[in-house]
Amino acid sequence: MEIGFLGLGIMGKAMSINLLRHGFKVTVWNRTLSKCDELVEHGASVGETPAAVVKKCKYTIAMLSDPAAALAVVFDKDGVLEQINGKGYIDMSTVDAETSIKISEAIKAKGGDFLEAPVSGSKKPAEDGQLVILAAGDKAFYDEALPAFDVLGKKSFFLGEVGNGAKMKLVVNMVMGSMMNAFSEGLTLAERSGLNPSTLLDVLDLGAISNGMFKLKGPTMLKNSYAPAFPLKHQQKDMRLALALGDENAVPMPVAAAANEAFKKARSLGLGDLDFSAVHETLK
Ligand SMILES: NC(=O)C1=CN([C@@H]2O[C@H](COP(=O)(O)OP(=O)(O)OC[C@H]3O[C@@H](n4cnc5c(N)ncnc54)[C@H](OP(=O)(O)O)[C@@H]3O)[C@@H](O)[C@H]2O)C=CC1
Ligand SMILES: O=CCCC(=O)O
């Protein structure tokens, strides 16, 4: 069965290669079309536009940077909507519930099926098929897409109506972004107060707040090395969208708001394309 894939950034590239490795036929499109070349080497076909990909495939997955990109690919000329009748569309980008619902309603109105399915997990889990998939939307379509989700992820959740996947993802990334800032402050405080920050990593790892992010990012942060796995500009976008969700629900989030300010500062310093752990540089 042919699957479409729109968006070959850090995540989309890893995910589509993974699908190809597991025997799926994949037709890809990326705004910067030259990024499709590497996928062709892995056996993919290329569609000239999102509409051309959707026309060719039973269903199409998108992994795009933000709400503006997600909306453009669906609603613009040569976009997904033009060919969606009788087809399926799965948006795995991290967006807000409002964006997801707008896309869902337009696709359904044109006779298509829709799932939102943002993911937890970054570049390496995407390469290894170890993502956590947070899906919501048409249940029958979810069941149909499970073979692909089983390749992309280690666990899929079906969360009910469209919007719930987006909200779950934003809550998770709000916690992650806040944790990253506390961690960065801890590393800096240890160093400035005369401790060995590597020893702090060992101590943290043996206690109740041991976690995968500290283990993965700590050693590279101590080397001031921030090769992007999860770009900082996307983490700041997620903090912004999570804070808006807090606003809507009258949830005070002073910790997340402070973390958002730190990520904004990092962006203003030109660090947006580095890994989100580069927020550490704002303390220097
Ligand atoms: N990296 C990570 O660890 C994770 C990221 N995510 C989420 O997944 C999504 C993708 O992330 P990631 O792969 O890291 O991001 P990248 O920045 O690496 O890739 C972004 C992709 O979106 C495309 N794009 C941007 N703007 C537009 C537009 N206006 N129209 C069409 N295409 C556009 C880019 O195309 P072009 O190549 O032309 O610029 C590129 O394919 C984001 O929503 C992110 O928050 C979720 C989990 C983990
Ligand atoms: O949205 C990005 C999440 C990154 C991660 O879960 O490690």
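The values are calculated or read from the model by the stated rules, or taken from the named source; none is laboratory data. Treat the numbers as computed from the prediction; the structure is a model and nothing was measured. All Cβ positions, even for glycine, are placed from backbone atoms using ideal geometry, and neighbour counts span all protein chains on display. When the accessible area is computed, the model is the full protein with side chains, heavy atoms only, and any ligands, DNA or RNA have been set aside. Shrake-Rupley method; radii C 1.70, N 1.55, O 1.52, S 1.80 Å.
Name the residue, out of ALA140, ALA190, that is in contact with a helix residue (DSSP H, G or I) (Cβ under 6 Å, 6 or more places away or on another chain) and more than 15 Å from ligand 1 (Cβ to nearest atom). Even if it seems obvious, please write down each step before you answer.
Values: ALA140 fails: in contact with a helix residue (DSSP H, G or I) (Cβ under 6 Å, 6 or more places away or on another chain).
The unique qualifying residue is ALA190.
Could you list all residues from region 221-235 that are among the aromatic types (Phe, Trp, Tyr) and near ligand 1 (Cβ under 8 Å from one of its atoms)?
Within region 221-235, the first condition is being among the aromatic types (Phe, Trp, Tyr), and the residues that meet it are 226, 230.
Within region 221-235, PHE230 is the sole residue that qualifies.
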- If you go through region 86-98 one residue at a time, how many are out of contact with any Ser or Thr (no Cβ under 8 Å at 6 or more places or on another chain) and open to solvent by less than 10 Å² (accessible area, probe 1.4 Å)? 2
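Looking only at region 212-248, count how many residues are among the polar types (S, T, N, Q), assigned to a helix (DSSP H, G or I) and open to solvent by 40 Å² or more (accessible area, probe 1.4 Å). Write out each step before concluding.
The first filter runs over region 212-248 and keeps only residues among the polar types (S, T, N, Q), leaving 220, 224-225, 235-236.
If we keep only those that are assigned to a helix (DSSP H, G or I) as well, we get 220, 235-236.
Filter once more, so that each one left must be open to solvent by 40 Å² or more (accessible area, probe 1.4 Å): 220.
Qualifying residue count for the region: 1.
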- Filtering region 249-284 down to residues that are of a type in the set (Gly, Ala, Ser), farther than 14 Å from LYS233 by Cβ and open to solvent by 20 Å² or more (accessible area, probe 1.4 Å) yields ALA250, ALA257, ALA258
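Return the residues of region 120-159 that are among the small types (Gly, Ala, Ser) and within 16 Å of ligand 2 (Cβ to nearest atom); say none if nothing qualifies.
Taking region 120-159 and keeping what is among the small types (Gly, Ala, Ser), we get 120-122, 126, 129, 135-137, 140, 145, 148, 153, 156.
SER120, GLY121, SER122, ALA126, GLY129, ALA135, GLY153, SER156, listed by residue number.
Quick check: is even one residue across region 46-54 buried (at least 22 other Cβ atoms within 10 Å of the Cβ), out of contact with any Pro (no Cβ under 7 Å at 6 or more places or on another chain) and acidic (Asp, Glu)? Outline the logic, then answer.
Filtering region 46-54 down to residues buried (at least 22 other Cβ atoms within 10 Å of the Cβ) leaves 47, 50, 53-54.
Pick out the ones that are also out of contact with any Pro (no Cβ under 7 Å at 6 or more places or on another chain) and you get 47, 50, 53-54.
When the remaining residues are screened for being acidic (Asp, Glu), the result is none.
No, the conditions are met nowhere in region 46-54.
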- Item | Sole exception among (1) under 30 Å from ALA256 (Cα atoms); (2) crowded, with 21+ Cβ neighbours inside 10 Å for GLN83, by number | (1)
- Message: Being out of contact with any Leu (no Cβ under 6 Å at 6 or more places or on another chain) and under 18 Å from LEU33 (Cα atoms) narrows it down to one residue among MET63, MET92; which is it?
- Response: MET63
- Task: Look at ALA182 and say whether it is closer than 20 Å to ARG240 by Cβ, of a type outside the set (Asp, Glu) and surrounded by fewer than 19 Cβ atoms within 10 Å (Cβ to Cβ).
- Result: yes
- Conditions (1) in contact with a His (Cβ under 8 Å, 6 or more places away or on another chain); (2) within 14 Å of ligand 1 (Cβ to nearest atom): number failed by ASP238: (1)
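When you go through THR27, THR32 one by one, which is the residue that is over 16 Å from ALA117 (Cα atoms), assigned by TED's automatic domain parsing to the domain that holds GLY121, among the polar types (S, T, N, Q) and in contact (Cβ under 8 Å) with a residue 24 or more places away in the chain? Break it down stepwise before answering.
Values: THR32 fails: in contact (Cβ under 8 Å) with a residue 24 or more places away in the chain.
Just a single option satisfies the conditions, and that option is THR27.
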- Message: Just checking, does region 104-127 include any residue being crowded, with 18+ Cβ neighbours inside 10 Å and on the phi > 0 side of the Ramachandran plot?
- Response: yes
- Item | Filtered residues of region 262-284 (kept if within 14 Å of GLU185 (Cα to Cα) and among the charged types (D, E, K, R)) | GLU281, LYS284
- Message: When you check GLY177 against the structure, is it within 28 Å of ALA106 (Cβ to Cβ) and touching a residue at least 12 places away in the same chain (Cβ under 8 Å), yes or no?
- Response: no
